[in-house]
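The values are calculated or read from the model by the stated rules, or taken from the named source; none is laboratory data. Given the structure is predicted, the values throughout are model-derived calculations rather than measurements. Here Cβ is always computed from backbone atoms with ideal geometry, including for glycine, and neighbour counts include all displayed protein chains. Remember, those area values only see protein heavy atoms, side chains included, never the ligands or the DNA or RNA. Shrake-Rupley method; radii C 1.70, N 1.55, O 1.52, S 1.80 Å.
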Amino acid sequence: MNRNTLLLLLLTLFFVGCSEDYLNQPPLDRITDSDVWRDQALIDAYIYKIYDDMPWDYLKDFGGGAGWGAHREILSDLARSTYAWTPASNTFRPGNWGTANNTWPLDWWGYFNIWKINYALQNIEAVGQDVLTPEERDHRLGELYFMRAYCYFAMAKRYGGVPIILEPQDPNTTPEEEYFPERDTEQAVYDQVLSDAQLAFELLPHRWNGLKGRAGKWAAKALESRAALYAGSIAKYGTYEMDGLVGLPSSDADAYYQQALDASAEIISNSGHTLFNQYPDPAENYYRLFVDETEDETIFMKVWLPFEKGHSYDFYNTPYSYRVDWGSSMSPSKQLMDSYEMLSTGLLPDEEGSGYDPQAPFDNRDPRFKGTLLTDNDIFQGSRIETWYATERNGELDTNTGTGKGKDGMGIHPDATKTGAYVRKYLNDSSSPLLIQQYYSGQDCIIFRLGEIYLNAAEAAIELGLEEEARGYIEPIRTRAGLQQHLRLEPYSGLELRDRIRNERKIELAFEDQRYWDVKRWRIAEEALSVQIMGIRSLRHVDDQGQETFTYETIVAESQKMNFFPRHYYFPIGQDRVNNNPKLIENPGY
């Protein structure tokens with residue numbers, strides 16, 4: 001069955017069960033439940049629909065969760081929402097969310113997916129060889145175990161301990177004590193995630209031939225790497241509370257870090273994936289990693305199809321003057337800009353002797369800066385980015401549109417950048433304006449890639465006290481990035497080395513839905529996410545000969561400080577869910 005047919009099935013398939021049929025025959029125009037498990041194509045369509053409902057995609061619209069097109073990273077210190085009127089700006093970033101309005105960002109109580117997964121596992125286990133060969137059956141079971149592991153991981157990093165349900169519940173047959181279960185401990189959930197991921201690894205193929213978007217065995221191993229790293233961090237830095245409903249025993253931290261290190265090392269050594277390195281310019285190479293859609297570094301991705309089944313990342317994030325409507329939903333922070341080293345010295349801008357020039361703030365930086373961000377005078381879609389807020393001529397300041405403000409500049413429109421920068425990462429580029437409409441973007445969303453695995457290994461190693469091993473894992477990332485100094489972070493050791501590895505993760509994985517979760521699991525979010533976003537404002541100077549120069553100043557780029565309170569390390573279970581199942585104990589602080 002070709003891809004288009006399967007996509008059509010995804011959109012149209014539904015199941016009808018009949019308790020009575022006076023003719024004692026199924027309707028001829030309906031697909032019954034029993035039909036599904038007797039046909040490989042229908043089984044795959046059922047599985048594809050589960051893929052479609054998974055919570056891993058960060059390119060599609062965030063919508064009302066953070067405010068009309070604002071994406072997940074605006075809940076972190078990497079960027080603010082450009083749209084000041086949205087819940088992202090006036091509710092979520094200030095920290096005013098919880099059970100009172102039963103609304104909070106990134107909520108995902110995934111039991112609708114877990115039921116479908118458990119139901120499919122039960123039915124596929126019983127499928128005969130006339131429908132699936134043993135190998136085909138194992139591959140599909142592996143997919144389902146992988147997705148169940150990811151579902152429980154997604155909930156564990158939000159809520160801590162949640163009920164672990166491994167069988168499809170049926171209101172007619174499931175005992176009430178099982179139908180309304182208590183929360184399991186956070187450690188039990190992480191252990192279930194790791195168990196399912198390991199089982200999936202054993203069952204899945206190395207890769208699916210010609211089928212992008214289906215999880216292979218290395219996706220399961222990547223999930224094990226990430227989940228074990230999270231568990232180790234929470235055990236080491238978190239607080240064990242409520243008899244383990246939140247938190248993990250600190251005594252188990254090293255075992256989880258070792259599991260993360262072992263899983264990462266196996267992927268690096270045996271998966272066949274390599275770091276993307278196809279372009280001589282390291283900034284362009286880094287940018288192209290996210291738009292060329294190759295599978296050398298990408299371990300697992302969510303597949304999107306432009307025009308047919310697309311998302312709206314370009315529509316909501318293209319710089320102001322290039323937009324169709326909306327646009328530039330994320331304004332990257334100066335805090336992020338200051339996380340990129342100076343290329344010539346290997347030092348951060350605020351370190352003594354770094355060589356940072358505040359009047360040339362975007363020059364001589366880690367090439368990933370230009371691969372990730374767009375700033376003054378960068379070329380995008382055939383013309384230069386213009387972020388200056390005014391033009392000075394002969395001592396007079398012109399702030400008029402068209403003559404004074406840059407076409408993408410601060411103040412030209414409420415939808416223009418608030419920080420002096422735009423996101424470049426994942427945006428489509430060309431030699432002329434693309435004017436990509438809503439839902440017409442087709443960039444695949446990378447869920448797991450080898451770059452993250454190197455960073456997971458480096459972090460696990462440093463947490464285990466294996467400094468030289470950590471340096472060995474960080475060096476390939478920094479070398480590929482085009483850095484010239486301290487490729488093994490030689491000047492640093494101990495906590496300084498740990499913090500530089502964390503900074504490496506911040507910039508390498510920026511705008512990949514990692515930062516918010518990382519600072520939470522490190523338990524530094526009260527500091528990292530209680531900030532007021534800063535920006536860089538540029539002023540253009542034009543002399544009598546028409547020559548341009550620019551000056552820059554640091555500004556406060558949002559009126560209200562972002563706040564992260566201790567209760568936010570875990571999301572609330574929510575009053576509606578507690579009302580539905582009184583056995584669910586609410587998380588601390590709510």
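Remark on region 157-306: Rg and Dmax equal 19.1, 63 Å (Cα only). Convex hull of alpha carbon positions in region 81-133: directionally averaged projected area 6.5 nm².
For region 369-434, the fraction of C-alpha pairs more than 13 angstrom apart is 64%. Overall dimensions of region 460-506, expressed as equivalent-ellipsoid semi-axes from the Cα gyration tensor (√(5λ), whole Å, largest first), are 16, 10, 10. Normalised by 2.2 N^0.38 Å, where N counts its residues, the alpha-carbon radius of gyration of region 101-204 equals 1.16.
Taking the longest Cα principal axis of the chain as reference, the axis of helix 134-159 is set at about 60 degrees.
With all protein chains in place and a 1.4 Å probe, the accessible surface of region 274-376 carries 48 percent carbon and sulfur.
Normalised by 2.2 N^0.38 Å, where N is the number of residues, the alpha-carbon radius of gyration of region 304-355 equals 1.76. Distances between placed amide hydrogens fall under 5 Å for residue 305 paired with 310, all partners being 5 or more residues away or on another chain. The C-alpha atoms of region 474-555 occupy a region whose extents along the principal axes are 55, 33, 24 Å, arranged from largest to smallest.
Bridging of residue 49 to lysines at a Cα separation below 25 Å is possible for 60, 116, 157, 212, 217, 221, 302, 309, once same-chain residues fewer than 8 apart are set aside. One quarter of the surface of the convex hull around the alpha-carbon atoms of region 294-334 equals 4.8 nm², the direction-averaged projected area. The tail of the calculated P(r) for region 273-403 beyond 21 Å holds 57 percent of all Cα-Cα pairs. Extension gain, residue 543 to residue 575: 0.36 nm times the residue separation minus the Cα-Cα distance gives 5.2 nm. Put simply, the Cα atoms of the chain extend 90, 55, 49 Å along their principal axes, the longest span coming first. Of the three principal axes defined by the Cα atoms of region 351-475, the extents in descending order read 59, 45, 25 Å. Counting only protein heavy atoms and a 1.4 Å probe, region 334-403 has 41 square angstrom of accessible area per residue. The residues of region 139-258 have, on average, 36 Å² of accessible surface per residue, using a 1.4 Å probe with all protein chains present. Based on the Kirkwood approach, the hydrodynamic radius assigned to region 408-450 is 13.2 Å, with every pair of different Cα atoms included. Against the chain, whose longest principal axis is taken from its Cα atoms, helix 111-125 shows a tilt of about 50°. 3J(HN,Hα) along region 509-519, derived from phi through the Karplus expression 6.51 cos²θ - 1.76 cosθ + 1.60 where θ = phi - 60°, amounts to 9, 4, 6, 10, 6, 10, 4, 4, 6, 5, 5 Hz, with x in place of Gly and Pro. Just to confirm the number: angle between the C-alpha axis of helix 40-52 and the first principal axis of the chain, 0 to 90 degrees, nearest 10? Approximately 40 degrees, to the nearest 10. A full extension of the chain between residue 348 and residue 195 corresponds to an added length of 51.0 nm, given 0.36 nm per residue minus the alpha carbon distance. How big is the Kirkwood radius of region 168-256, worked out from every pair of different alpha carbons and given in Å to one decimal? This gives a value of 15.1 Å. Considering helices alone, the calculated mean residue ellipticity of the chain at 222 nm is -11000 deg cm²/dmol, with DSSP H runs of length four and up weighted by -39500 (n - 2.57) and normalised per residue. The lysines whose alpha-carbon is closer than 22 Å to the alpha-carbon of residue 418, local same-chain residues fewer than 8 away aside, are 334, 370, 405, 407, 506, 561.
Only Lys, Arg, Asp and Glu carry charge here, each on its Cβ (+1 for the first two, -1 for the last two); on that basis the chain has a dipole of about 880 debye about its Cα centre. Considering every Cα-Cα pair within region 242-286, what fraction, in whole percent, is farther apart than 16 Å? In whole percent, the share of Cα-Cα pairs in region 242-286 beyond 16 Å is 64. Placing R0 at 60 angstrom, the Cβ-Cβ distance between residue 32 and residue 401 gives a FRET efficiency of 0.45 after rounding to 0.05.
Highest mean first, the peptides 568-579, 139-150 sorted by other C-beta atoms within 10 Å per residue fall in the order 139-150, 568-579. Counting protein heavy atoms only, region 389-471 has 48 percent of its accessible area on carbon and sulfur, 1.4 angstrom probe.
Apolar share of the accessible surface for region 532-579: 46 percent from carbon plus sulfur atoms, 1.4 Å probe. So how far apart, in nm, are the two label points at residue 307 and residue 430 if each is 7 Å from Cα heading toward Cβ? Between residue 307 and residue 430, the label points sit 1.2 nm apart.
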